[in-house]
Amino acid sequence: MSDNTLNNLPDGFKGMSHDMSSDQTAFKGVQWGKVMMWIFLLSDTFIFSCFLISYMKGRASTVVDWPNTSQVFSLHVGDVPVPLLLIAIMTFVLITSSGTMALAVKFGYEKNRKMCAWLILATAIGGLTFVGMQAFEWSKLIHEGVRPWENPFGAKQFGSFFFMITGFHGTHVSIGVIFLFIFARKTFRGDFDTGKRGYFTTMKSNYVAIEILGLYWHFVDLVWVFIFAFFYLW
Amino acid sequence: MDETQNKEQANSTHKIGIYLWIWGLLFVLSFFSYMVDWFAFQGLLRWSLILVFMFLKAGLIMAFFMHLFWERYALVNVLLWPMTAIACFIALMAAEAQYTVFTRLLYFFIGG
Amino acid sequence: MSDEYNKQNTPIEAQSSETMSGSSGSTTDIDYVRPAELPEQDLYHGHSFITKWIFCQDAKVIGIQYFLTAVFTGIVGLILSWLMRLQLGFPDLVPFMTAEHYYQFVTMHGMIMVVYFLTALFLGGFGNYLIPLMVGARDMVFPYVNMVSFWMFFIAVCVLMASFFVPGGPTGAGWTLYPPQAILPGSPGSGMGIVLMLISLSLFVIGFTMGGLNYLITILQARTRGMTLMRMPLTIWGIFTATALAMLAFPALLVSCIMMTLDKLLETSFFMPAIVQAGEVLDYGGGSPVLFQHLFWFFGHPEVYIVALPAFGIVSDLISVHARKNIFGYRMMVWAIVGIGALSFFVWAHHMYVSGMNPWFGFFFATTTLIIAVPTALKVYNWIITLFRANIRMNTVMLFCLGFIVTFVNGGITGIFLGNVAVDIPLSDTYFVIAHFHMVMGIAPLMVIMGAVYHWFPLVTGRMLSEKLGKWHFWFTFLGAYSIYFPMHYLGFIGVPRRYFEMYDSPYVTSATGMNEFITVAALIVGASQFIFIYNIVTSLRLGKPAGKNPWKANSLEWLTSEVPPVHGNFGEKLPVVHRWPYDFNVPGAKEDYITQTTPPSEVINAEVEKT
């Protein structure tokens, strides 16, 4: 058990006790920004958990019927109503963008600037498509008379929780899209190769930043997995 | 910090296949969970299938796309243990919801 | 960056050996400390007045900004408490005091003191100032975000204060803001007041998250060479665990704020059941007020420990330094802090025994609540054993520490009463509860804050505070606070309810009137005596005795900076290298009665130091 190099550290729980009892860093070889994003995401997980727990409490204790989501969210193809069609496409788009992001991180670490930048751009466009489809879904429901304060299909809380939770998730996606576009530009410009300083933070750019952004983006996808299961399928 | 990147890089170069595999699996699992609704399974079967697919997808995204599988245990444990608080919160709120609906039915419909 | 790193790393790899004990293998140097893993942090140095003192990225300046802003709101909270006490002791004495105003003052006093004063002071103030210094970092890992954190907090305070001046005044729903009454016209400030309160809280959470991430990551990923987690001062452990709690508890507050804002502004029914108001059926229906209480206390109980844990940590260090003795059971103290932190997420509904929640919950939460008393009691024993046969300096700092132990034990014991469902139910919503939580999370942490200010003032300003004024301040505060809260236990037992504007002709009047008057007079005196403190600080800034380096002969890194007060970057050319824990006082065989954390073992070869 050599304690003076970051290579050949023990693995598993032994490694955990080694890392935790060592000096300087508790997470060996992890850049601080990455840990910061992880802890932020942990905090954000608690936010979404609280939203979903409230939703569970609201839905499980209502004495008015909860609308049948597979009907409410169906789209008509021709004359045939296809349940959850739009949601399925949105899920598809978001997972696609998650995949491109994962590849962007990989190419970033390989210093493949062009490939990385194009993949980030593809991710951003995927995110934008998702937000667009969400806007479409919202307007469709609003046309059908669903509002945060009322719902013609049953329990009032359906509309409230729907707009609040998808709205909060959509906000996360939108923020992610903005950052993705910024990062795509930075990558194309080569900031991460030259170590150009950030405009606000005055810190040197580094390809780790792309992995950090990737963590955020995958988290957004992760939350969607839960929303998809609990809100649309349940 | 570059050492990490080098390690990461070494890992990543070998792993484009893995990323594509996971990507494919996510599509397949999403398709399966969509099928749960399509075939209109009900009851316990529906719930367990939804949960299984959900946790599989979440696990794949966290483990591979977010690289948690390759992180050291120190980070993994710090991130996963707080979830016990959420688990406790969920369990208790489920019990609370049962009680709320019980009292509501009792007082609104049966008459207390 | 990469070159520097590899240069440091390659030669070490070659000698990879068993160096855990520092004596075996090829490295026989007992002063050996692992080389740096990370390159030096590059800092942004301010070059104008604005970047040096206003939008400053130096954690120490941000800490002072947090401190002053928090103290300002604290004084507002103090004045509100005076007004409330005047009404309770001498009804109708204050001409503008109506029932509405009384409730608004209660609410604002509570919210200010818990969130904007204590939380911001301990974590924003002490956290920012002490974390980089005590772990041996040049600054927080992300100074820019740290700066934004303070300004978010500042805006949150401004929004909070603005609610005093909107039509209808600030919210009067009680600091717990329970719906449905909080947003219905029946309670004062249910218009703009409550909305501003919710916005302010949300801003606070956002701002705090930015700061909190910095505190956590600085402690986890930016310690100096040799600084292991188990060599950190307990102050840092307390602040660290409290921040971790905050990162996981504030989300629940944010969510409940968002949902209640929607209930108020969009008339959603998250928390609102069907309501008939003045014969008119409102649009609400189907919501669950108890859900809000769960969300609120899922935040609210960890919040208690967010305030208490930094106090535990700081008081341990103060006691150790001023008793010239190592803290008894350091590791036990660390695990107790961590254990209390973890358990605090499983006890929240003991605030809700009378709320009409699922009755089975009482069993669960009473059990967990009593379990949490175990690590807490361990800490109290350890403080007392640390003092046992110690070489105590009876100065102001030590007096405040002793005051803390007494008030904390008192408040803790009443907590055990209230944690049991059967005892809690008759005591709920009486002055017993007021006495309990003011003792345990009002007076006790305040004692620590004051002790900490007397302790670290020489570091921050380079001058000592006046001991004479300090002792007057202590005795006024301690005895005064006791005479406020001790009688309140009795008021609670005879059943005087809290949050009542006036007792009118109720049967309590005869037995409670005299006591209420006494409490009010004591409260006025205690409040006024805080101005001794402020006077002491203001005069000592210029006229205090110059402190010099390390006036208390402490061991931890903050006293070992190149200059006092420390400048941006904290340490000189080289970061300190840590060889031991910060509690080596009166070590047998050592020349002096303290061995600083940076003293290498070869310099104290004869001392029987603890292996840490």
* Complete set of residues in segment A:95-147 that are in contact with a Lys or Arg (Cβ under 9 Å, 6 or more places away or on another chain) and among the aromatic types (F, W, Y) -> A:F107
* Asked: What do you reckon, is A:G132 within 30 Å of B:I16 (Cβ to Cβ), at the interface with another protein chain (Cβ under 10 Å from one of its Cβ atoms) and either among the hydroxyl-bearing types (S, T, Y) or not in a loop (DSSP other than H, G, I, E, B) (or both)?
  -> no
* Asked: Which one is surrounded by the fewest Cβ atoms within 10 Å (Cβ to Cβ) among residues in segment C:225-265 that are at the interface with chain A (Cβ under 7 Å from one of its Cβ atoms) and in a loop (DSSP other than H, G, I, E, B)?
  -> C:R225
* **In segment C:327-352, the residues that are assigned to a loop (DSSP other than H, G, I, E, B) and either within 14 Å of chain B (Cβ to nearest Cβ) or aromatic (F, W, Y) (or both)** => C:F328, C:V347, C:M352
* Residue that is surrounded by fewer than 19 Cβ atoms within 10 Å (Cβ to Cβ), within 13 Å of chain C (Cβ to nearest Cβ) and not aromatic (F, W, Y), where the choices are A:G195, A:G159, A:G190 -> A:G195
* Would you check which residues across segment C:305-326 are in a helix (DSSP H, G or I) and within 11 Å of C:A390 (Cα to Cα) and list them? => C:I319, C:S320, C:V321, C:H322
* **Single match in B:M54, B:M93 (criterion: in contact with a His (Cβ under 7 Å, 6 or more places away or on another chain) and either under 25 Å from C:G285 (Cβ atoms) or facing another protein chain (nearest Cβ under 8 Å) (or both))** => B:M93
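To keep it simple, each residue is scored yes or no on (1) more than 7 Å from chain A (Cβ to nearest Cβ); (2) of a type outside the set (S, T, Y); (3) more than 30 Å from C:F363 (Cβ to Cβ).
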| position | (1), (2), (3) |
| --- | --- |
| B:G43 | yes, yes, yes |
| B:A63 | yes, yes, yes |
| B:H67 | yes, yes, yes |
| B:N77 | no, yes, yes |
| B:W81 | yes, yes, no |
| B:A87 | yes, yes, no |
* Structure fact -> Among (1) within 30 Å of A:F130 (Cβ to Cβ); (2) outside any loop (DSSP other than H, G, I, E, B), A:P67 falls short only on (2)
* Is it true that some residue in segment A:70-82 is farther than 21 Å from A:P152 by Cα and assigned to a helix (DSSP H, G or I)? -> no
* Would you point out which residue out of C:L43, C:L93 is part of a loop (DSSP other than H, G, I, E, B), hydrophobic (A, V, I, L, M, F, W, C) and either within 29 Å of the chain's Cα centre (by Cα) or surrounded by 20 or more Cβ atoms within 10 Å (Cβ to Cβ) (or both)? => C:L43
* Number of positions in segment A:1-59 that are out of contact with any Pro (no Cβ under 7 Å at 6 or more places or on another chain), facing another protein chain (nearest Cβ under 7 Å), among the aromatic types (F, W, Y) and surrounded by 17 or more Cβ atoms within 10 Å (Cβ to Cβ) -> 5
* Any residue in segment C:353-376 that's more than 10 Å from chain B (Cβ to nearest Cβ): show its pairings with residues that are charged (D, E, K, R) and assigned to a loop (DSSP other than H, G, I, E, B) at Cβ separation under 9 Å, as long as the two are six or more apart or on different chains. => C:V354/C:D429
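We did not get these values from a lab; they are worked out from the coordinates using the rules stated. Fair warning: this is a prediction, and the values are worked out from it, not measured in the lab. Note: ideal-geometry Cβ built from the backbone for every residue, glycine included; neighbour counts use all protein chains shown.
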